[in-house]
Amino acid sequence: MLILCIESSCDETAAAVIRDGREILSNVVASQVDVHARYGGVVPELASRKHVEAISVVINSALEDAGVSIDQIEGIGVTRGPGLIGALLVGLSTAKAMSWMLDVPLAAVHHMEGHILAPFLEEAPDFPFLALAVSGGHTHLYRVDGIGSYRTLGQTLDDAAGEAYDKVAKLLGLGYPGGAVIDRLAALGNPEAIAFPRPMLHKPDFNFSFSGLKTAVLQYVKKCQEPIDDQHMADIAASFQAAVVEVLTRKTFRAAAAEGLERIVVAGGVACNSGLRARFADLSARHSVKVFFPSPVLCGDNAAMLGVSANYYLENGQHADNTVNAVSNWTLDSLNAN
Ligand code: KG4
Ligand code: ZN
């Protein structure tokens with residue numbers, strides 16, 4: 001089955017053509033990052049306007065890259081939520097119109113379901129597995145027993161990991177978005193230079209908190225007497241990253257052990273982080289747990305990742321009808337009832 005997938009939940013307008021929920025024929029992402037950078041974060045109204053401008057161009061590019069014509073498309077997959085409501089509506093309205101026009105079924109997919117199933121486009125893990133979803137809006141641990149079967153084991157109580165990266169980068173004057181910049185700087189610094197806190201590390205539950213860590217970095221910077229030189233900046237970045245990585249990896253492995261799971265998927269934009277990838281690889285070799293990271297292009301927001309569950313839902317007759325609406329707050333667990 002050839003599915004056209006459309007994603008517009010935040011600040012990337014994306015479209016992809018996926019065959020049989022497995023094979024990526026095209027994966028086009030138009031980032032709005034330059035538009036939002038000057039404001040230090042995503043401006044929802046601007047995001048919606050930019051999606052409107054980009055969406056048909058991006059869809060046409062996805063069809064062209066895949067070498068398929070629009071009438072070969074047999075189904076549409078689209079992000080229904082969670083995300084910015086105005087941004088979601090652009091993708092969803094386009095998908096509904098195309099589904100009606102082409103007379104093909106529509107699958108309305110959860111954005112985080114897309115992220116955590118992205119590995120199925122490369123090396124598919126067997127079910128069940130533990131998923132750590134780390135992005136700008138989420139830091140969640142899910143038990144995944146199959147497509148459509150998710151249970152939240154823990155989540156951030158305040159900032160998401162990506163949000164903490166972005167806020168720390170902003171307070172260090174490193175621009176927006178900050179994850180990739182801090183990651184690059186961290187490689188040049190000493191991760192033990194500053195003992196930043198490891199929030200919630202010793203709590204027995206699987207929740208996270210990153211807002212205090214961000215405040216600790218802010219207080220440290222305010223107390224610095226001298227201007228921060230390049231090496232000092234790299235040490236701050238490395239020490240902050242070490243704290244984030246330690247909390248994420250230790251709690252994830254603890255959750256896997258508690259649930260008796262031998263496979264872990266790490267997904268979402270923060271899964272691009274080189275420190276996180278290296279630490280998971282190291283711990284995976286020591287515990288007998290296999291860790292799956294999607295390729296970086298499939299970690300950040302993209303439409304290809306929607307193809308896995310869209311294909312599954314369409315093949316199982318779980319079609320969305322044309323009255324389906326966008327949902328800005330939507331838990332993954334609520335899909336289990338469907
Ligand atoms: O999944 P994503 O593209 O969008 C959301 O659904 O939120 O994630 C974006 C987040 C941003 O906060 C960005 O700073 C972070 O992922 N990010 C990173 C890295 N690359 C992107 N965080 C840490 N290290 C990176 N290399
Ligand atoms: Zn995302």
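The values are calculated or read from the model by the stated rules, or taken from the named source; none is laboratory data. These numbers come from a predicted model, not from an experiment. Ideal geometry is used to build each Cβ from the backbone, glycine not excepted, and the neighbour counts take in all protein chains shown.
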So which residues in segment 142-159 are closer than 20 Å to residue 290 by Cα, surrounded by 19 or more Cβ atoms within 10 Å (Cβ to Cβ) and either of a type in the set (Gly, Ala, Ser) or within 16 Å of ligand 1 (Cβ to nearest atom) (or both)? 142
Looking at the structure I just gave you, is residue 210 in contact with an Asp or Glu (Cβ under 9 Å, 6 or more places away or on another chain) and touching a residue at least 24 places away in the same chain (Cβ under 8 Å)? yes
Here is a check on your reading of the model: is residue 132 closer than 25 Å to residue 186 by Cα and out of contact with any Gly (no Cβ under 9 Å at 6 or more places or on another chain)? no
Six or more apart or on different chains, Cβ under 8 Å: which pairs go from a residue in segment 86-113 that's over 21 Å from residue 147 (Cβ atoms) to one that's at pLDDT below 95 and surrounded by fewer than 24 Cβ atoms within 10 Å (Cβ to Cβ)? Could you list them? 96/322; 100/322
Within the group 106, 102, 130, which residue is in contact with an Asp or Glu (Cβ under 9 Å, 6 or more places away or on another chain) and under 27 Å from residue 246 (Cβ atoms)? 130
Quickly run through segment 144-194 and pick out the residues that are within 16 Å of ligand 2 (Cβ to nearest atom) and over 17 Å from the mean Cα position of the chain (by Cα). none
Check off (1) in contact with a strand residue (DSSP E or B) (Cβ under 9 Å, 6 or more places away or on another chain); (2) within 21 Å of residue 11 (Cα to Cα); (3) not in a strand (DSSP E or B) for residue 76 and give me the number that stays unchecked. (3)
Determine which member of the set 137, 146, 86, 67 is over 14 Å from residue 6 (Cβ atoms), at pLDDT below 95 and not basic (Lys, Arg). 137
Condition first: crowded, with 22+ Cβ neighbours inside 10 Å and more than 16 Å from ligand 2 (Cβ to nearest atom). Now tell me which residues in segment 121-140 satisfy that. 129, 130
Within the group 266, 247, 270, 291, which residue is crowded, with 21+ Cβ neighbours inside 10 Å, more than 14 Å from ligand 1 (Cβ to nearest atom) and either within 19 Å of the chain's Cα centre (by Cα) or of a type in the set (Val, Ile, Thr) (or both)? 291
What helices (runs of 4 or more DSSP H) lie completely within segment 170-268 and have 2 or more residues being within 21 Å of residue 157 (Cα to Cα) and out of contact with any strand residue (DSSP E or B) (no Cβ under 9 Å at 6 or more places or on another chain)? 211-223, 230-259
Among the numbered criteria (1) assigned to a loop (DSSP other than H, G, I, E, B); (2) among the aliphatic types (A, V, I, L, M); (3) touching a Pro at 6+ places or on another chain (Cβ under 9 Å), which single criterion is violated by residue 314? (1)
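Of all the residues that make up segment 278-320, how many are polar (S, T, N, Q) and within 21 Å of residue 94 (Cβ to Cβ)?
Step one: of segment 278-320, the residues polar (S, T, N, Q) are 284, 288, 295, 302, 309, 311, 316, 318.
Those left that are additionally within 21 Å of residue 94 (Cβ to Cβ): 302, 309, 311, 318.
Number satisfying all stated conditions: 4.
If I ask for residues that are of a type in the set (Val, Ile, Thr) and in a loop (DSSP other than H, G, I, E, B), which ones from segment 37-58 would you list? Steps first, please.
Residues of segment 37-58 that are of a type in the set (Val, Ile, Thr), as a first pass: 42-43, 52, 55, 57-58.
Passing the criteria: 42, 43.
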Single residue of 185, 171 found to be more than 10 Å from ligand 1 (Cβ to nearest atom), buried (at least 20 other Cβ atoms within 10 Å of the Cβ) and under 23 Å from residue 222 (Cα atoms): 185
